[in-house]
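The values are calculated or read from the model by the stated rules, or taken from the named source; none is laboratory data. It should be emphasised that the depicted structure is a prediction, and the values quoted were computed from it without experimental measurement. Glycine also receives a Cβ, built like all others from the backbone with ideal geometry; neighbour counts cover every protein chain displayed. Remember, those area values only see protein heavy atoms, side chains included, never the ligands or the DNA or RNA. Shrake-Rupley method; radii C 1.70, N 1.55, O 1.52, S 1.80 Å.
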Amino acid sequence: MEYKIEYRDRRAKRARMKTVHGMIETPVFMNVGTVAAIKGAVSTDDLRQIGTQVELSNTYHLHVRTGDALIKRFGGLHRFMNWDRPILTDSGGFQVFSLAGLRKIKEEGVYFQSHIDGRRIFMGPEESMQIQSNLGSTIAMAFDECPPSLADRDYVQSSVDRTTRWLERCRAELSRLNGLEDTINREQLLFGINQGAIYEDIRIRHAEAISRMNLDGYAIGGLAVGESHEEMYRILDAVVPCLPGDKPVYLMGVGTPANILEAVERGVDFFDCVYPSRNGRHSHVYTNHGKLNLLNSKYELDARPIEEGCGCPACRSYSRAYIRHLFKAKEMLGMRLCVLHNLYFYNKMMEEIRDAIEHQCFAEYKEQKLAGMAAGENQAES
């Protein structure tokens with residue numbers, strides 16, 4: 001992997017990451033397709049049209065349904081879903097947090113009860129790497145535990161120590177798998193994950209420990225899971241400088257446009273979040289003048305597109321009034337158009353961020369972007 005930093009503006013940076021599945025221009029927002037599909041009837045042809053660079057899928061969910069062994073028989077996730085650009089697969093570690101009522105954590109790994117059919121599943125570092133190798137993703141995430149942000153210090157420290165031991169096992173197993181002749185992607189990359197809840201000292205020590213492993217990239221996990229935005233930014237201020245400056249930094253599961261702008265300024269390169277697709281499926285759309293709820297009655301006769309000048313498929317052809325009608329009539333097209341618009345908005349914003357960094361005006365861009373969205377929100381509420 002080659003990660004070339006081209007421009008800097010304070011800690012914000014623009015870079016190019018060369019992978020076996022093509023170049024990734026960062027900062028980048030990865031469009032979330034948990035089970036190899038974007039919720040909202042969005043195809044991979046759509047993703048190409050709206051400027052998606054990286055698709056993200058989930059190891060645990062693909063393992064329990066439809067199965068990574070089946071996907072490997074098709075030649076991996078890229079062929080299975082007809083996507084020729086980079087894919088990042090989450091490790092299943094977040095499900096250690098989100099499925100807390102259905103799992104038991106041991107040193108060897110995690111025992112799950114499937115949320116689909118109740119069957120028992122075991123996933124440890126080796127199993128997570130094997131599943132991700134079967135999927136053939138471009139970037140594999142290390143298996144970790146995501147402790148609750150407000151967990152007590154002793155629990156968090158014990159959890160982080162185990163996550164470090166798991167990372168060593170992940171690295172060894174992926175190295176072994178990448179050396180096998182029948183491995184789909186023998187250049188699969190590994191990102192380690194920093195944890196530590198909201199304890200700066202634990203976070204910093206963990207960042208320093210995993211940095212010594214010389215991985216392909218580093219993620220910051222366990223944020224946006226209950227702590228305030230101010231606490232998240234405080235942790236980023238403490239942790240990002242402790243990670244290698246010549247490797248990509250990924251803030252997992254974040255977030256709103258404002259979160260992304262703040263994190264880019266602090267040196268983060270990769271993002272993912274379900275907000276654009278989830279909000280779109282419920283008629284909430286992002287614009288440069290704030291977020292709109294198209295089910296609001298004031299849009300019933302509104303002939304304008306979601307946003308003037310937007311190049312997404314929805315704004316090029318349809319009015320707010322028509323999309324509102326689709327939601328009222330419970331037609332799936334309304335949901336699809338809003339998801340497409342939101343993903344386009346995020347992808348376009350990342351393009352604007354990269355351009356602003358290149359032209360050494362990111363601080364001004366951030367200020368104007370936040371001011372425009374805030375003014376629109378205030379106007380909508382008045």
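Are any residues in the stretch 51-65 surrounded by 14 or more Cβ atoms within 10 Å (Cβ to Cβ) and more than 30 Å from R316 (Cβ to Cβ), and if so, which ones? Matches in the stretch 51-65: N58, T59, Y60, H61, L62, H63, V64.
Of all residue pairs spaced 6 or more apart or on separate chains, those with beta-carbon atoms under 7 Å, a first member in the stretch 314-337 that is without any contact (Cβ under 8 Å) to a residue 24 or more places away in the chain and more than 17 Å from V42 (Cβ to Cβ) and a second member that is surrounded by fewer than 16 Cβ atoms within 10 Å (Cβ to Cβ) and of a type in the set (A, V, I, L, M, F, W, C) are S319/A303; A321/L301; A321/A303.
Tell me whether the stretch 202-214 contains one or more residues that are farther than 27 Å from P313 by Cβ, out of contact with any helix residue (DSSP H, G or I) (no Cβ under 6 Å at 6 or more places or on another chain) and in contact (Cβ under 8 Å) with a residue 60 or more places away in the chain. The answer is no; no qualifying residue exists.
Taking the criterion of being assigned to a loop (DSSP other than H, G, I, E, B) and among the aliphatic types (A, V, I, L, M), the residues of the stretch 137-166 that qualify are A142, L150, A151. Of all residues in the stretch 259-272, exactly one satisfies the criterion of being open to solvent by 10 Å² or more (accessible area, probe 1.4 Å) and either at pLDDT below 95 or out of contact with any strand residue (DSSP E or B) (no Cβ under 9 Å at 6 or more places or on another chain) (or both), namely E262. Across the stretch 102-131, the number of residues qualifying as modelled with pLDDT of 90 or more, out of contact with any Leu (no Cβ under 8 Å at 6 or more places or on another chain) and part of a helix (DSSP H, G or I) comes to 3.
Residues that are assigned to a helix (DSSP H, G or I) and in contact (Cβ under 8 Å) with a residue 24 or more places away in the chain within the stretch 52-76 comprise T59, Y60, H61, L62, H63, V64, D68, A69, I71, K72, listed in sequence order.
Say whether the condition of being among the charged types (D, E, K, R), loosely packed, with under 13 Cβ neighbours inside 10 Å, over 24 Å from the mean Cα position of the chain (by Cα) and over 19 Å from I50 (Cα atoms) is met by at least one residue in the stretch 370-381.
Within the stretch 370-381 (the criterion being among the charged types (D, E, K, R), loosely packed, with under 13 Cβ neighbours inside 10 Å, over 24 Å from the mean Cα position of the chain (by Cα) and over 19 Å from I50 (Cα atoms)), the answer is yes, since at least one residue qualifies.
Within 30 Å of R85 (Cα to Cα), at pLDDT 95 or above and touching an Asp or Glu at 6+ places or on another chain (Cβ under 6 Å): does that describe L135? It is true that L135 is within 30 Å of R85 (Cα to Cα), at pLDDT 95 or above and touching an Asp or Glu at 6+ places or on another chain (Cβ under 6 Å). Checking the structure you have, find out if any residue of the stretch 273-289 is under 15 Å from M373 (Cα atoms), open to solvent by 30 Å² or more (accessible area, probe 1.4 Å) and of a type in the set (D, E, K, R). Looking through the stretch 273-289, none of the residues is under 15 Å from M373 (Cα atoms), open to solvent by 30 Å² or more (accessible area, probe 1.4 Å) and of a type in the set (D, E, K, R). Select from the stretch 309-356 the residues that are at positive phi and among the basic types (K, R) and list them in ascending order. K330, the sole residue that qualifies.
Going through (1) crowded, with 20+ Cβ neighbours inside 10 Å; (2) within 30 Å of M17 (Cα to Cα); (3) touching a helix residue (DSSP H, G or I) at 6+ places or on another chain (Cβ under 7 Å) one by one, I306 falls short only on (2). Kindly provide the set of residues from the stretch 197-228 that are open to solvent by 50 Å² or more (accessible area, probe 1.4 Å), outside any helix (DSSP H, G or I) and among the charged types (D, E, K, R), ordered by number. The one that is open to solvent by 50 Å² or more (accessible area, probe 1.4 Å), outside any helix (DSSP H, G or I) and among the charged types (D, E, K, R): R212. Counting only residues that are out of contact with any Gly (no Cβ under 7 Å at 6 or more places or on another chain) and assigned to a loop (DSSP other than H, G, I, E, B), which one in the stretch 77-88 is least open to solvent (accessible area, probe 1.4 Å)? Taking the candidates together, the pick is W83.
Within the stretch 35-50, restricting attention to residues that are in contact (Cβ under 8 Å) with a residue 60 or more places away in the chain and open to solvent by 40 Å² or more (accessible area, probe 1.4 Å), the residue that is nearest to F191 (Cα to Cα) is K39. Here is the figure for the stretch 1-34: residues that are in a loop (DSSP other than H, G, I, E, B) and open to solvent by 50 Å² or more (accessible area, probe 1.4 Å) total 4.
Given the criteria in contact with a strand residue (DSSP E or B) (Cβ under 7 Å, 6 or more places away or on another chain) and assigned to a helix (DSSP H, G or I), does F345 qualify?
Yes: the conditions hold for F345.
Under the condition of being among the small types (G, A, S) and open to solvent by 30 Å² or more (accessible area, probe 1.4 Å), which residue from the stretch 290-303 is farthest from C273 (Cα to Cα)?
Going through the qualifying residues, I end up with A303.
Checked against (1) free of Cβ contacts under 8 Å to residues at least 40 places away in the same chain; (2) closer than 16 Å to P27 by Cβ; (3) in contact with a strand residue (DSSP E or B) (Cβ under 8 Å, 6 or more places away or on another chain); (4) not aromatic (F, W, Y), T256 passes all but condition (3).
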